[in-house]
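Comments concern the structure below.
The values are calculated or read from the model by the stated rules, or taken from the named source; none is laboratory data. On a predicted model such as this, the values are computed, not experimentally measured, just so you know. Positions of Cβ are backbone-derived with ideal geometry, glycine not excepted, and every protein chain shown enters the neighbour counts. Ligands, DNA and RNA are stripped out before the accessible areas are found, and what is left, the full protein with its side chains, is counted by its heavy atoms. Shrake-Rupley method; radii C 1.70, N 1.55, O 1.52, S 1.80 Å.
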Amino acid sequence: QIFFVQRGSGTPIINYFSKMRIFIASIFSIVILSASLGNAQPLKPGEWRTYTSMRSVSDIALSADSNYLWAATGGGVFRADLRDAQAAPVPLRTTDGLTENDVNAVAADAQGNIYLGEGAGGFDIYNTVTGTFNNQSDIRNSNYTNKAINGITVAGNNIYLATAYGISVFLPQKGIFGTTATQLASLPQQDSVRQVIDDGTYVYAAMHEGVV
């Protein structure tokens, strides 16, 4: 260690270097965090890969055991370990199996499935036990003008997708889509739905034009 002492009045040089050391340590921590979010897969010799930013978080969900937090971002999805604050987040992107990196919504069920809704209609199911993706292409291949999935609600055996065109219901036990409603009550066709709640008797939807 090197210490500096300044004679006379004013701020001692040692304080300046202490502040610089804190600043450099902070920058170093940010770099380490950024690197940890970019290491989902090892690179081969001579291979280049571009990683998207995960700063903008649009939705979060807790795992069934409450040990992990899943965050949907504009650059993919990542898992944070709530038991160990020092553990690096685990990122998942298109290079890992996601259909799209622009993830709007995330939800988890009791079987360890993570449901991911994306900006252009991508709907992916990530199984935490096997570490594999089940990519559903129905919405992306549809003729809806705007296919964005805004929210996902797990309610028993139904997975409700709040979308830019209405509500779609996914049946996880069958692995297929069930009902799709593109007009609710007297609202316009394909009015955007932001959130869905199922209380066991009624289904409530937060719409662009109101609540149904």
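So which residues in region 183-199 are in contact (Cβ under 8 Å) with a residue 24 or more places away in the chain and either among the polar types (S, T, N, Q) or open to solvent by 40 Å² or more (accessible area, probe 1.4 Å) (or both)? Let's see the steps before the verdict.
Of the residues in region 183-199, the ones in contact (Cβ under 8 Å) with a residue 24 or more places away in the chain are 184-185, 187, 190-198.
Of everything in region 183-199, those that are in contact (Cβ under 8 Å) with a residue 24 or more places away in the chain and either among the polar types (S, T, N, Q) or open to solvent by 40 Å² or more (accessible area, probe 1.4 Å) (or both) turn out to be 185, 190, 192, 194, 195, 197, 198.
So how many residues does region 200-212 have that are closer than 17 Å to residue 182 by Cα and surrounded by fewer than 15 Cβ atoms within 10 Å (Cβ to Cβ)?
Residues that pass the stated criteria total 5.
Looking at (1) of a type in the set (A, V, I, L, M); (2) under 25 Å from residue 71 (Cβ atoms); (3) open to solvent by less than 50 Å² (accessible area, probe 1.4 Å); (4) not in a strand (DSSP E or B), find the lone condition where residue 159 falls short.
Failing condition for residue 159: (4).
On the given criteria, is residue 165 aromatic (Phe, Trp, Tyr) and open to solvent by less than 30 Å² (accessible area, probe 1.4 Å)?
yes
Only residues that are open to solvent by 30 Å² or more (accessible area, probe 1.4 Å), out of contact with any Gly (no Cβ under 6 Å at 6 or more places or on another chain) and within 19 Å of residue 93 (Cβ to Cβ): list them for region 125-156, please.
Scanning region 125-156 gives 126, 127, 130, 131, 132, 134, 135, 137.
Among the residues that make up region 101-124, is at least one of them of a type in the set (Val, Ile, Thr), within 30 Å of residue 208 (Cβ to Cβ) and open to solvent by 20 Å² or more (accessible area, probe 1.4 Å)?
no
How many of the residues in region 129-156 are more than 15 Å from the chain's Cα centre (by Cα) and part of a loop (DSSP other than H, G, I, E, B)?
Of the residues in that region, 15 qualify.
Can you pull out the residues in region 85-100 that are surrounded by 18 or more Cβ atoms within 10 Å (Cβ to Cβ) and part of a loop (DSSP other than H, G, I, E, B)?
93, 98, 99, 100
Being on the phi > 0 side of the Ramachandran plot, crowded, with 20+ Cβ neighbours inside 10 Å and within 14 Å of the chain's Cα centre (by Cα): is that true of residue 76 here?
For residue 76, the condition - on the phi > 0 side of the Ramachandran plot, crowded, with 20+ Cβ neighbours inside 10 Å and within 14 Å of the chain's Cα centre (by Cα) - is met.
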